[in-house]
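The values are calculated or read from the model by the stated rules, or taken from the named source; none is laboratory data. Bear in mind that the values here come from a model prediction, so they are computed numbers and not experimental data. Cβ placement follows ideal geometry from the backbone for every residue including glycine, while neighbour counts extend to all protein chains displayed.
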There are 4 protein chains.
Amino acid sequence: MSKIKNVPDQTRKGEDLGLDRNAEKGRQRTINRDGSYNIERKTGRLFGNFYLYHWLITTSWKNYWLVVLLFYAGMNVIFATIYFLVGVEQLNGIHEGNWFTQWMYCFFFSAQSYTTVGYGGIHPVGETANFIAVTEAFIGLMTFAIATGTLYGRFSKPVSRIKYSPEILIAPYKEGHGLMFMVANELQSSLVEMEARVNISWSDVDASGRPVRRFQQVKLEIDKIAMFPTSWVINHPIDEESAFFGKTPDELKALEAEIFILLKGFDDVFSQTIYSRHSYTMDQLIWGARFRRPFFVNEKGKTVLDLTRVGEYDKL
Amino acid sequence: MSKIKNVPDQTRKGEDLGLDRNAEKGRQRTINRDGSYNIERKTGRLFGNFYLYHWLITTSWKNYWLVVLLFYAGMNVIFATIYFLVGVEQLNGIHEGNWFTQWMYCFFFSAQSYTTVGYGGIHPVGETANFIAVTEAFIGLMTFAIATGTLYGRFSKPVSRIKYSPEILIAPYKEGHGLMFMVANELQSSLVEMEARVNISWSDVDASGRPVRRFQQVKLEIDKIAMFPTSWVINHPIDEESAFFGKTPDELKALEAEIFILLKGFDDVFSQTIYSRHSYTMDQLIWGARFRRPFFVNEKGKTVLDLTRVGEYDKL
Amino acid sequence: MSKIKNVPDQTRKGEDLGLDRNAEKGRQRTINRDGSYNIERKTGRLFGNFYLYHWLITTSWKNYWLVVLLFYAGMNVIFATIYFLVGVEQLNGIHEGNWFTQWMYCFFFSAQSYTTVGYGGIHPVGETANFIAVTEAFIGLMTFAIATGTLYGRFSKPVSRIKYSPEILIAPYKEGHGLMFMVANELQSSLVEMEARVNISWSDVDASGRPVRRFQQVKLEIDKIAMFPTSWVINHPIDEESAFFGKTPDELKALEAEIFILLKGFDDVFSQTIYSRHSYTMDQLIWGARFRRPFFVNEKGKTVLDLTRVGEYDKL
Amino acid sequence: MSKIKNVPDQTRKGEDLGLDRNAEKGRQRTINRDGSYNIERKTGRLFGNFYLYHWLITTSWKNYWLVVLLFYAGMNVIFATIYFLVGVEQLNGIHEGNWFTQWMYCFFFSAQSYTTVGYGGIHPVGETANFIAVTEAFIGLMTFAIATGTLYGRFSKPVSRIKYSPEILIAPYKEGHGLMFMVANELQSSLVEMEARVNISWSDVDASGRPVRRFQQVKLEIDKIAMFPTSWVINHPIDEESAFFGKTPDELKALEAEIFILLKGFDDVFSQTIYSRHSYTMDQLIWGARFRRPFFVNEKGKTVLDLTRVGEYDKL
């Protein structure tokens, strides 16, 4: 089935992607279009691959607030119950009422201690309650450090919002063709020292006829730019060394070819290295087209990058 | 118009800058003299390229304080109104007065809860008010984490204050000439492993007579220094490979030549990589001059770097 | 005794490990199986190699909490005693009782000031007590910054949980053999740009017959992968240049051969470089086996990495 | 005077150090023995090279605490005066007394607001005082973020405590000699990927007889080690390319030769790059000696690095 000859050296380079070369039918893509790995991790242990800090930083906002609020409520329920069991007479300012009302005011006192707001409307008078209260204030300060730290960590997490052209083009380049896609920085943050690495993969059969998946890291016309103010067309010239050389669009579709991209840059405002991953499949391939420039010079002579036009192209 | 012959290889390298090669008349420079990109971003979405954390860190101090104070005031207006609607009888210590006075004291109580100062002069007695108060203290702690975190982020943002010579010189170098500018570290912080990259650009016409902009990354005599205690003269020897080779000052001006600089270093006190960008235009070019040393040895034998003299030169 | 000929060039490379080449009998391994250095540091000074921040971040949780709680308690004992000596009449709200009861309430007041909870049930009225209280609140805020900072530092410490295959295999590779082990990322965090470096060491005798330890950094089939979604078999082809070339399992055991691994990667969620160290000894060596794939495609077509199966192999 | 012939290529490399080549008599060294730059910065502007964050992190502890305490006291003096001017009747709980006593209690109330301890013994009742109090609490939270942040920044500042041998040796190496010094990591923190760069400098006269300073980056036997568990002897083989080739100890002293070292490593616990600088002058040079091993294997077979013995040598 494969029309690409088995090129051991290129295949070895392809393994550099850390991806599996076996190709079952109906297999999902291993890298999602948003760049994340489409891999499930199974572990023998409960919480075997769970790392709380990572989870708190990367989970959804809904999950995050749910966990933080449940923890806050839970801690206060525990301390409220302790104060209640110690005896409400050890707390000054607790309202009269049935046991539930009294427990409620223990809860309020607990939360006032936990957040260190400490109005004093309710305050401990007995020794045991006093001792518990200073312990709770300590625990409150320590655990809020985790809550506020992770909140800020989520808030300040380095993001790269690289816009990729929706399609990937095969355009004339020199005497032959080039495989081209366009990227642009959506944020005003200034990226410098951008690097691109592109891998392609396709289906093949091995010597024994078993279907396998082959990989190749491809050469780029330019794989590094010093500054990235506007947009960048990344171009893989399809020469004899390229696995895509001499292929027709239908052949590439039959080969279930896929293109993996890893971009790296440095955000010089935040002094951080930024990565961006992306992949294209063959239904995003346009044969014989050329990207339009997504920027123009306005009446004041200023260059304007129109992000809505990143990826616009002209059929040739 | 162009007297620089079309050098494809160099032009390709020039694209490394990620800059546009088209050259409209009256176009503004793409890199400002302070190193920032002079690019406007247009996006289809509202807040399409807005990233709150980046904005809070990089906006002006005026904007920053405006936003933080408005948020603080706004949150307290909201909570004050809630307490007021719940009923002032649920708060002990609210002054007698008309509804506005009472709302004002709700506002004060809210701010005392929000900042966790909690004097207790006013304190919640009703269950609803108590519940809202512990919620507000929680929200206060969490949102102040963003406010104090971004304040500290702004305060501790890695800065590089590299002083560039106001002029760029063409000075005799070996048998020919060199294009030279001087840089010095304005801060006492010690930079190590400095690297420089210099690109030049000029106007040209392409095969079809359309005006284009050409780029070339130029060779430097020394592009890396291990330590950077005083000053550094960065020298591009203008040999046959340089696009500036054989040009007169007037020719360079006619070509609207521009020089882009990217400096990189490592601040070994803060363990951070630092970048600095700069550019020169042709009205800053001095022909036939040589930089003076901006440092001297004082009476105690200590080397003194005089930053006010960085860029001083002698006409030859 | 050594059957590996003395290869000066390789030995020099081996010194790259920074390990000692002398080989006493009964010597412990210098790198533990968990990757830490098994080295004791002796210093002439008391606390000569002690660095408090490092210690607070890397010590056990038990030690950490012990120190933090003792410090919190100790500070409050000191301030309680100061308030007590200043005189309890300077504090409003102190309970009647013997001196110990009064000291206890001084302690509670101190803790309420230190944590800034400040209920006000007890509050300073005298000038001296007021002055000490505002000093204590200041000290409390500053020292809690250290406590909460180190707590968060421990919590957010970059971890790499790389799973290594329990055994290291010698498997057929091309015309000869390869030394192979398998690694997988236990966490969902996505590592990119993985690099591996492998060194081997063995016992030998030098020209004068003294036992020495030799080292060699070995060549790998692939020493870099761009992405690391599943698992990676790291393979050292045992060719003529390898110190293990032509050795039998018994010979390797007699040579007390050891394999040191250094993995490096970049966690692109946290923008941090991650290192992992590991080592294998000869009782973990399996001759003539091949690793099974630790992942499979489930019914939905999704790739599942089964971490419990990392390192499973088939005898050949 | 110079017996080292003028080697332009080496000299150019030497400029990589970013050091001055002019050599006045009685000049102080440009790099102190502790690695810091011995350079004074002069600037035309007041605070021209002052960067508050850098200063707060790098100044002495005495200066740091002085500034932080003065700021804390100063802010409270300002707010105390404002409350006093607004009128003490707006504060509940102010003691009777003369104006100074009343101002004192305004000061205590201010500090209770600033630290958010807010006992409530004194609390605002008037609207103006209430408004000022919530403003002060806000300012307190924001400015304490700077104080606690810089305190933690100082506390957690990456340190490298590399111990250098007090002397630098010229020892037999192969057929010739090597210039050798020893380094060891004083801390238990594990450094990996160590790199060394060594530059030498010496006095010379240029073509016109003016005294100049020459530099050369010298070749090292090994300039990179993967791990750094014990000690490392860094060796510059003095071959024909070395500026020190064929020199006697007296000649080197006459040339005022100096040796500059830049070490770089990665602390894999804190995920930080660490630099260390050092320099040797000729009065630290020992001719014909060899370093002793500073580590030994104790009775349990464990390797012990004795930091007090780093740099011990045997005369040959």
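Across segment A:181-228, what is the number of residues that are under 27 Å from residue B:51 (Cβ atoms) and touching a residue at least 40 places away in the same chain (Cβ under 8 Å)?
Selection size over segment A:181-228: 17.
When you go through (1) among the polar types (S, T, N, Q); (2) out of contact with any Ser or Thr (no Cβ under 8 Å at 6 or more places or on another chain); (3) surrounded by 18 or more Cβ atoms within 10 Å (Cβ to Cβ) one by one for residue D:248, which number turns out not to apply?
The single condition residue D:248 does not satisfy is (3).
Scanning for something facing another protein chain (nearest Cβ under 8 Å), farther than 19 Å from residue B:113 by Cβ and surrounded by 14 or more Cβ atoms within 10 Å (Cβ to Cβ), does segment A:75-93 turn up at least one residue? Can you show your working first?
Keep residues of segment A:75-93 that are facing another protein chain (nearest Cβ under 8 Å), which gives A:76, A:92.
Those still in the list that are farther than 19 Å from residue B:113 by Cβ too: A:92.
Remaining after also requiring surrounded by 14 or more Cβ atoms within 10 Å (Cβ to Cβ): A:92.
There is at least one residue in segment A:75-93 that is facing another protein chain (nearest Cβ under 8 Å), farther than 19 Å from residue B:113 by Cβ and surrounded by 14 or more Cβ atoms within 10 Å (Cβ to Cβ).
Give me the residue from segment C:279-314 that is hydroxyl-bearing (Ser, Thr, Tyr) and crowded, with 17+ Cβ neighbours inside 10 Å and, out of that set, nearest to the chain's Cα centre (by Cα). Steps first, answer last, please.
Start the filter on segment C:279-314 by keeping residues that are hydroxyl-bearing (Ser, Thr, Tyr), which leaves C:279-281, C:303, C:308, C:313.
Filter again for crowded, with 17+ Cβ neighbours inside 10 Å, leaving C:279-280, C:303, C:313.
Working: C:279: 14, C:280: 17, C:303: 30, C:313: 28 Å.
Only one residue tops the list, namely C:279.
Could you pull out the residue among C:276, C:271 that is touching a Ser or Thr at 6+ places or on another chain (Cβ under 9 Å), without any contact (Cβ under 8 Å) to a residue 24 or more places away in the chain, in the same structural domain as residue C:223 (by TED's automatic domain parsing) and of a type in the set (Gly, Ala, Ser)? Write out each step before concluding.
Values: C:276 fails: without any contact (Cβ under 8 Å) to a residue 24 or more places away in the chain.
One residue alone meets the criteria, C:271.
Among the residues of segment C:211-232, which ones are within 14 Å of chain A (Cβ to nearest Cβ) and polar (S, T, N, Q)? Full working, then the answer.
Just the residues of segment C:211-232 that are within 14 Å of chain A (Cβ to nearest Cβ), to begin with: C:219-232.
Within segment C:211-232, C:230, C:231 meet the criteria.
Of D:224, D:264, D:247, which residue is more than 26 Å from the chain's Cα centre (by Cα) and either at positive phi or not acidic (Asp, Glu) (or both)? Let's see the steps before the verdict.
Numbers: D:224 fails: more than 26 Å from the chain's Cα centre (by Cα); D:264 fails: more than 26 Å from the chain's Cα centre (by Cα).
Only one candidate passes the filter, namely D:247.
If you go through segment B:106-117 one residue at a time, do you hit one that is buried (at least 21 other Cβ atoms within 10 Å of the Cβ), among the β-branched types (Val, Ile, Thr) and touching a residue at least 24 places away in the same chain (Cβ under 8 Å)? Show your work before the answer.
The initial filter retains those residues of segment B:106-117 that are buried (at least 21 other Cβ atoms within 10 Å of the Cβ), namely B:106-117.
Still in the running and among the β-branched types (Val, Ile, Thr): B:115-117.
Subsequent filtering for residues that are touching a residue at least 24 places away in the same chain (Cβ under 8 Å) retains B:115-116.
Yes, segment B:106-117 has at least one match.
Inside segment C:265-279, can you point out the residues that are of a type outside the set (S, T, N, Q) and farther than 10 Å from residue C:191 by Cβ?
First, pick out the residues of segment C:265-279 that are of a type outside the set (S, T, N, Q): C:265-270, C:274-275, C:277-278.
Answer for segment C:265-279, where residues must be of a type outside the set (S, T, N, Q) and farther than 10 Å from residue C:191 by Cβ: C:270, C:275, C:277, C:278.
Does residue A:314 count as closer than 29 Å to residue B:262 by Cα and in contact with a strand residue (DSSP E or B) (Cβ under 6 Å, 6 or more places away or on another chain)? Step through it out loud before you land on a result.
Values: closer than 29 Å to residue B:262 by Cα: no; in contact with a strand residue (DSSP E or B) (Cβ under 6 Å, 6 or more places away or on another chain): yes.
So residue A:314 does not fit the description; no.
Please count how many residues of segment B:128-142 are over 11 Å from residue A:112 (Cα atoms) and among the hydroxyl-bearing types (Ser, Thr, Tyr). Quick ask: steps written out before the conclusion?
Within segment B:128-142, the first condition is being over 11 Å from residue A:112 (Cα atoms), and the residues that meet it are B:128-129, B:132, B:139-142.
With the extra rule that they be among the hydroxyl-bearing types (Ser, Thr, Tyr), the set shrinks to B:128.
Result for segment B:128-142: 1.
Test residue A:268 against the stated conditions and say whether it is farther than 26 Å from residue A:32 by Cβ, surrounded by fewer than 20 Cβ atoms within 10 Å (Cβ to Cβ) and among the acidic types (Asp, Glu). Write out each step before concluding.
Values: farther than 26 Å from residue A:32 by Cβ: yes; surrounded by fewer than 20 Cβ atoms within 10 Å (Cβ to Cβ): no; among the acidic types (Asp, Glu): yes.
Taking the combined requirement at face value, the residue does not satisfy it.
When you look at residue A:167, is it at pLDDT below 85 and closer than 29 Å to residue B:42 by Cβ, yes or no?
Values: at pLDDT below 85: no; closer than 29 Å to residue B:42 by Cβ: yes.
So residue A:167 does not fit the description; no.
Could you list, in sequence order, the residues of segment C:249-276 that are outside any loop (DSSP other than H, G, I, E, B) and within 14 Å of chain A (Cβ to nearest Cβ)?
The initial filter retains those residues of segment C:249-276 that are outside any loop (DSSP other than H, G, I, E, B), namely C:249-254, C:258-267, C:272-276.
Within segment C:249-276, C:263, C:264, C:265, C:266, C:267, C:272, C:273, C:274 meet the criteria.
May I ask you to list the residues in segment B:58-74 that are surrounded by 13 or more Cβ atoms within 10 Å (Cβ to Cβ) and either touching a Leu at 6+ places or on another chain (Cβ under 9 Å) or basic (Lys, Arg) (or both)?
Across segment B:58-74, the qualifying residues are B:64, B:67, B:68.
Scan segment D:144-166 for residues that are in contact (Cβ under 8 Å) with a residue 24 or more places away in the chain, in a helix (DSSP H, G or I), surrounded by 17 or more Cβ atoms within 10 Å (Cβ to Cβ) and of a type outside the set (A, V, I, L, M) and jot them down.
If the condition is that a residue be in contact (Cβ under 8 Å) with a residue 24 or more places away in the chain, in a helix (DSSP H, G or I), surrounded by 17 or more Cβ atoms within 10 Å (Cβ to Cβ) and of a type outside the set (A, V, I, L, M), then D:144, D:150, D:153 are the ones that fit.
How many residues does segment C:277-307 contain that are in a helix (DSSP H, G or I) and either of a type outside the set (Asp, Glu) or touching a Gly at 6+ places or on another chain (Cβ under 9 Å) (or both)? Spell out the reasoning first.
Keep residues of segment C:277-307 that are in a helix (DSSP H, G or I), which gives C:282-284, C:307.
Okay, now just the ones that are also either of a type outside the set (Asp, Glu) or touching a Gly at 6+ places or on another chain (Cβ under 9 Å) (or both), so C:282, C:284, C:307.
Within segment C:277-307, residues that are in a helix (DSSP H, G or I) and either of a type outside the set (Asp, Glu) or touching a Gly at 6+ places or on another chain (Cβ under 9 Å) (or both) number 3.
Consider residue B:136 carefully, then state whether it is at the interface with another protein chain (Cβ under 9 Å from one of its Cβ atoms), farther than 30 Å from residue B:258 by Cα, among the acidic types (Asp, Glu) and surrounded by 21 or more Cβ atoms within 10 Å (Cβ to Cβ). Full working, then the answer.
Numbers: at the interface with another protein chain (Cβ under 9 Å from one of its Cβ atoms): yes; farther than 30 Å from residue B:258 by Cα: yes; among the acidic types (Asp, Glu): yes; surrounded by 21 or more Cβ atoms within 10 Å (Cβ to Cβ): yes.
In short, yes.
When the residues of segment A:94-133 are filtered to those that are within 27 Å of residue B:110 (Cβ to Cβ), aliphatic (A, V, I, L, M) and assigned to a loop (DSSP other than H, G, I, E, B), which remaining residue is nearest to the other protein chains (Cβ to nearest Cβ)?
Filtering segment A:94-133 for residues that are within 27 Å of residue B:110 (Cβ to Cβ), aliphatic (A, V, I, L, M) and assigned to a loop (DSSP other than H, G, I, E, B), the one nearest to the other protein chains (Cβ to nearest Cβ) comes out as A:117.
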